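Student: Structure provided below as structure tokens; questions to follow.
The values are calculated or read from the model by the stated rules, or taken from the named source; none is laboratory data. The structure displayed is predicted, hence computed values, not measured ones. Glycine also receives a Cβ, built like all others from the backbone with ideal geometry; neighbour counts cover every protein chain displayed. Heads up: the accessible areas ignore ligands, DNA and RNA and are worked out on the full protein's heavy atoms, side chains in. Shrake-Rupley method; radii C 1.70, N 1.55, O 1.52, S 1.80 Å.
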Amino acid sequence: MNSGVQAHIGSEQRERIQLTIHGTVQGIGFRPFVFRLAQALSLGGWIANTPQGTLLELEGIQKNLHAFQKRITAELPLIGKIQAMTSIPIPVSGQRSFVIHPSQGDDQTQSVISPDLATCEECLQDMKNLQSRRYRYPFTTCAQCGPRFSIALRLPYDRGNTTMHQFLFCDECQREYDNPSDRRFHAETITCPSCGPQVELWDHEGNLLAQREEGLQAASEIVRHDRILAVKGLGGFQLWVKAESSEAVQRLRQRKHRPTKPFAVLFPSLSYLQQHCLASTVETTLLTSPAAPIVLVRKRTTSTLAWDVSPNNPYVGAMLPHTPLHHLLMNDLLMPVIATSGNRSEEPLVIDELDAVHRLQGIANAFLVHNRHIVRPVDDSVVQVVNDKCVIRRRARGYVPTPLTVNPGFGAEDRQPQILAVGGHLKNTVAVTTGNQIIVSQHIGDLSTLEASTQFERTIADMLTLFHLTPQAISCDSHPDYCSTRFAHQFGKQHNIPVIPIQHHHAHIAACQAEHGLQGPLLGVAWDGAGFGSDETMWGGEFLLCEDTEFTRMAHVRPFRLPGGEVCMREPRRIALALLYEVFGERVFELDLPPIQSLGQHMARSLVAILDKDVNCAITTSIGRLFDGVSALLGLLQVTSFEGEAAMALEFLAENELEESNPQLYPIPIESQTESKRPWVADWRPLISAIVRDILEHKRPSEIAFGFHQALAMLIADVAQRIQCHQIVLSGGVFQNALLLKLSEAELTKRRFAVFTPQRFSPNDEGLCLGQAFMTMHQFAQHTHSA
């Protein structure tokens, strides 16, 4: 720790230092926190946001300067994170007071803005207090809570650089902002009914119905009477409807064209949530955290939620109010409501009220809007607790844009390139790098519509502008037909920068490697629905030995065919037929099994003819599609309405067998002529044969489903045992299956392997851009070292 330049005033020895701080320190009340800490330690100086980061100068006696540097990390506001702090001595000036200076410059900044934060308890009390001037005010915030990322126009994070710039302080708000003893001291989002945003209630055509308190009351009545309300929230619109009304939920499903995919449920309070759900201590902590995500929790059998909320699903995506507006509405309603993303299926989240009237026409009966502009769509995050650990399923509000600090092997920080990584096609996110940090965007979604593709390009432009970046390379998936890949090549050509494709499954493993700071070698088990392989077939059941920027395909699942190609993603019965035909041949028509019954003899024979001719039959090693096929074999789902539906049904069925002491053991032999001949092939045919035998012998479907999960977990451990690589990474969308993850981790740990799984980033395709960015940084580092 550096000491400052000394000066003696009487018997007191004083020093002055300059601190430069990088990290998530904007939008968390950091400058007021520093101000109070400096005052407590009798330090003079100043603090300002600068292009180089947050800059401080401190002057005082040595022990207090040392204490400041310890306490600034130990007592940092909960949501903040200091990535790096450098200290240099400078001449003393005799300054005794401490001040907050305006932000300096508008060039590249290495500080990162905070995510949006749920309403704090103090602000809730203000809203409940009849004597408070913010009584029932739906935009109450302070330095510790409120919108951040969703309203930031540019950095550094000052009021003038947010959409709050249009709301000028009244005298009372100005006094709070200037008062060091007030919790709203230098809180950039503060406002009140006299000077801030207001709500309005519009009808389905956008005509004004009511304003302010009257609008809030009328909005609650709309939900209470089983109608659909579009609510402009923190990062975009939500569609609200009464969650205990089957008729209302079905109406929303019909209008949104969402037949069975589960809806999230917003509860008025934790006590209401606990009446309907079984929430563990870890789950409760997440629900009440500043991020306030949707948490997947198990429903109580006594819950009065409509069955249609999450059909055939023992879990519900539960959340608590996270904005003052949500709190006010839910305190009035005192009932659980559906609060699902305000969009049509496959389209981006709506953030503008006029756009909402157009795009949600025919869905919402009314619109509760406000005049605080949202800069970028930020959907609700989704998490699940597995083995007492939080695993992110969708990373958005409350978590984005918190950066990940990595060490790809660079030397000096100024030699680190700026990289743009554009992710995959499904569940898309994008990432940028600055210094040794990777910043992953909020969830964008599937790039299957023009609207989604447009939002993808807007997000890229927004990230580059917000963080003042000019990419020196662009990274993408190796699939040539992905919308994101085509964009990468166009962008690379336009800006004359290299385009670096990263193989899909290698990116899955690299993302987890980056998150945990792992050094190779490591064995990556990458299981998902589909990804473009190095042999130009669709991979999805891969064992990759990874070191540096390279990987070796050590093993994979035996390939199988998908008659009709992508249609199989919606019709698991086709996959089941293909698996059965490969095992039983023409005898498949003698088997009285659900997929054959569903297809009918004529369609089944037509598909077999396609298989025989090998026409329009994609080849895959996908474990995700294998899950789909087995789900259809057990008669769970023959046709699906959303990705993963059949696999989820199989997982939920298997969970019913957890108390069984003697689970069925199914074989998946690993074929190889010699140990040196790779990749080895895991043959699923004996597994399917055994499952069919047990179905025909009328074994419990739950026992068969559990046995299937157990067989896959044992396969992972057996391959790991052969390869003998100590570090094992499990990633890819299949590992969203909590049961499979638990079984695999348990078996690998029993065999003394070190197991790593994604936690802060999703294991599904949302994490691809992180892996792409990290591998590209790694490649640049290798090139730099070899140059």
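Student: Being over 14 Å from H504 (Cα atoms) and under 15 Å from the mean Cα position of the chain (by Cα) is true for just one of R751, R760. Which residue is that? If you could, list the steps in order and put the result at the bottom.
Tutor: Details: R751 fails: under 15 Å from the mean Cα position of the chain (by Cα).
So the residue among R751, R760 that is over 14 Å from H504 (Cα atoms) and under 15 Å from the mean Cα position of the chain (by Cα) is R760.
Student: For the stretch 186-263, give me every one of the strands (runs of 3 or more DSSP E) that falls completely inside it and has 1 or more residues that are over 27 Å from the mean Cα position of the chain (by Cα).
Tutor: The strands (runs of 3 or more DSSP E) meeting that bar are 199-203, 208-211.
Student: Need pairs with beta-carbon distance below 9 Å; first residue surrounded by fewer than 24 Cβ atoms within 10 Å (Cβ to Cβ) and within the stretch 423-435, second among the hydroxyl-bearing types (S, T, Y) and not in a loop (DSSP other than H, G, I, E, B); sequence gap 6+ or separate chains.
Tutor: Close Cβ pairs satisfying both conditions: H425/S484; H425/T485; G435/T405.
Student: Considering the stretch 10-51 alone, what residues qualify as being farther than 22 Å from R159 by Cβ, in a loop (DSSP other than H, G, I, E, B) and of a type outside the set (A, V, I, L, M, F, W, C)?
Tutor: G10, S11, S42
Student: Which residues, counting only those in the stretch 342-389, are small (G, A, S) and open to solvent by less than 20 Å² (accessible area, probe 1.4 Å)?
Tutor: Within the stretch 342-389, G342, A356, A364, A366, S381 meet the criteria.
Student: Taking the stretch 711-725 as the region of interest, how many residues are open to solvent by 30 Å² or more (accessible area, probe 1.4 Å) and either in contact with a Lys or Arg (Cβ under 9 Å, 6 or more places away or on another chain) or within 17 Å of A738 (Cβ to Cβ) (or both)?
Tutor: 1
Student: Do we find a residue being within 23 Å of the chain's Cα centre (by Cα), among the aliphatic types (A, V, I, L, M), open to solvent by 10 Å² or more (accessible area, probe 1.4 Å) and closer than 20 Å to L239 by Cβ anywhere in the stretch 310-322? Lay out the reasoning, then the answer.
Tutor: The initial filter retains those residues of the stretch 310-322 that are within 23 Å of the chain's Cα centre (by Cα), namely 310, 313-322.
Of the ones still in play, those that are also among the aliphatic types (A, V, I, L, M) are 316, 318-320.
Checking the rest, the ones that are also open to solvent by 10 Å² or more (accessible area, probe 1.4 Å) come to 320.
Filter again for closer than 20 Å to L239 by Cβ, leaving 320.
Within the stretch 310-322, one or more residues are within 23 Å of the chain's Cα centre (by Cα), among the aliphatic types (A, V, I, L, M), open to solvent by 10 Å² or more (accessible area, probe 1.4 Å) and closer than 20 Å to L239 by Cβ.
Student: Condition test on F774, is it in a loop (DSSP other than H, G, I, E, B), surrounded by 24 or more Cβ atoms within 10 Å (Cβ to Cβ) and at pLDDT 95 or above?
Tutor: no
Student: If you don't mind, there's one more thing I want to ask. So P77 clears everything in (1) at pLDDT 90 or above; (2) part of a loop (DSSP other than H, G, I, E, B); (3) not hydroxyl-bearing (S, T, Y) except one condition, right? Which one?
Tutor: (1)
Student: Can you tell me which residue in the stretch 111-128 is nearest to Q442 (Cα to Cα), limited to those that are part of a helix (DSSP H, G or I) and of a type in the set (D, E)? Lay out the reasoning, then the answer.
Tutor: Start the filter on the stretch 111-128 by keeping residues that are part of a helix (DSSP H, G or I), which leaves 121-128.
Next cut, of a type in the set (D, E) only: 121-122, 126.
Values: E121: 26, E122: 28, D126: 31 Å.
That would be E121.
Student: Yes or no: L58 touching a strand residue (DSSP E or B) at 6+ places or on another chain (Cβ under 8 Å) and modelled with pLDDT of 90 or more?
Tutor: yes
Student: How about the stretch 731-754: which of its residues are hydroxyl-bearing (S, T, Y) and open to solvent by 20 Å² or more (accessible area, probe 1.4 Å)? So that I can check it myself, show each step before the final result.
Tutor: Step one: list which residues in the stretch 731-754 are hydroxyl-bearing (S, T, Y), which gives 731, 744, 749.
Within the stretch 731-754, just T749 meets the criteria.
Student: Sticking with this structure for a sec: Looking only at the stretch 692-701, decide whether some residue is under 23 Å from T620 (Cβ atoms), of a type outside the set (D, E) and buried (at least 24 other Cβ atoms within 10 Å of the Cβ). Give the steps one after another, and end with the answer.
Tutor: First, the residues of the stretch 692-701 that are under 23 Å from T620 (Cβ atoms): 692.
If we keep only those that are of a type outside the set (D, E) as well, we get 692.
This time we only want the ones that are buried (at least 24 other Cβ atoms within 10 Å of the Cβ), so: none.
No, there is no match, as no residue in the stretch 692-701 is under 23 Å from T620 (Cβ atoms), of a type outside the set (D, E) and buried (at least 24 other Cβ atoms within 10 Å of the Cβ).
Student: Could you tell me how many of the residues in the stretch 145-191 are open to solvent by 20 Å² or more (accessible area, probe 1.4 Å) and touching a helix residue (DSSP H, G or I) at 6+ places or on another chain (Cβ under 7 Å)?
Tutor: Residues meeting the conditions: 9.
Student: Looking only at the stretch 268-309, how many residues end up being part of a loop (DSSP other than H, G, I, E, B), within 18 Å of S381 (Cα to Cα) and open to solvent by 20 Å² or more (accessible area, probe 1.4 Å)?
Tutor: 4
Student: Among the residues of the stretch 207-221, are any in contact with a Leu (Cβ under 6 Å, 6 or more places away or on another chain) and crowded, with 24+ Cβ neighbours inside 10 Å?
Tutor: Yes, that holds for at least one residue.
Student: Moving to a separate point now. Mind listing whichever residues of the stretch 453-483 are of a type in the set (A, V, I, L, M, F, W, C), at pLDDT 95 or above and open to solvent by less than 10 Å² (accessible area, probe 1.4 Å)?
Tutor: F456, I460, M463, A473, I474, C476 - these are the residues of the stretch 453-483 that are of a type in the set (A, V, I, L, M, F, W, C), at pLDDT 95 or above and open to solvent by less than 10 Å² (accessible area, probe 1.4 Å).
Student: Got a sec? Which of L325, L329 is modelled with pLDDT of 95 or more, over 24 Å from the mean Cα position of the chain (by Cα) and closer than 16 Å to G233 by Cβ?
Tutor: L329
Student: Take the stretch 589-603 and flag every residue that is under 22 Å from P701 (Cβ atoms), part of a helix (DSSP H, G or I) and at pLDDT 95 or above.
Tutor: Within the stretch 589-603, the subset under 22 Å from P701 (Cβ atoms) is 590-599.
Remaining after also requiring part of a helix (DSSP H, G or I): 590, 594-599.
Hits for the stretch 589-603 are P594, P595, I596, Q597, S598, L599.
Student: Moving on. Of all residues in the stretch 328-340 being open to solvent by less than 20 Å² (accessible area, probe 1.4 Å) and in contact with a strand residue (DSSP E or B) (Cβ under 7 Å, 6 or more places away or on another chain), which is farthest from D462 (Cα to Cα)?
Tutor: Of everything passing the filter in the stretch 328-340, P336 is farthest from D462 (Cα to Cα).
Student: Now for a different question. Looking at the stretch 581-631 only, could you name the residues that are surrounded by fewer than 22 Cβ atoms within 10 Å (Cβ to Cβ) and within 23 Å of F652 (Cβ to Cβ)?
Tutor: Result: L593, P594, Q597, S598.
Student: Can you confirm whether the stretch 96-104 contains a residue that is modelled with pLDDT of 90 or more and surrounded by 17 or more Cβ atoms within 10 Å (Cβ to Cβ)?
Tutor: Yes, the stretch 96-104 contains a residue that is modelled with pLDDT of 90 or more and surrounded by 17 or more Cβ atoms within 10 Å (Cβ to Cβ).
Student: Could you list all residues from the stretch 240-267 that are of a type in the set (K, R), under 21 Å from R394 (Cα atoms) and open to solvent by 10 Å² or more (accessible area, probe 1.4 Å)?
Tutor: R258, K261
Student: Shifting gears a bit: List every residue pair whose Cβ atoms sit under 8 Å apart, with the two residues 6 or more apart in sequence or on different chains, where the first one lies in the stretch 214-226 and is on the phi > 0 side of the Ramachandran plot and the second, anywhere, is of a type in the set (G, A, S).
Tutor: From residues that are on the phi > 0 side of the Ramachandran plot, the pairs are D226/S245; D226/A248.
Student: Something else now. Restricted to the stretch 529-580, and to residues that are under 22 Å from D481 (Cβ atoms) and among the acidic types (D, E), which residue is surrounded by the most Cβ atoms within 10 Å (Cβ to Cβ)?
Tutor: Going through the qualifying residues, I end up with E542.
Student: A further question follows. Inside the stretch 9-50, can you point out the residues that are closer than 18 Å to R148 by Cα and either open to solvent by 10 Å² or more (accessible area, probe 1.4 Å) or touching a residue at least 60 places away in the same chain (Cβ under 8 Å) (or both)?
Tutor: Passing the criteria: H22, G23, T24, V25, Q26, G27, I28, G29, R31, P32, F33, N49.
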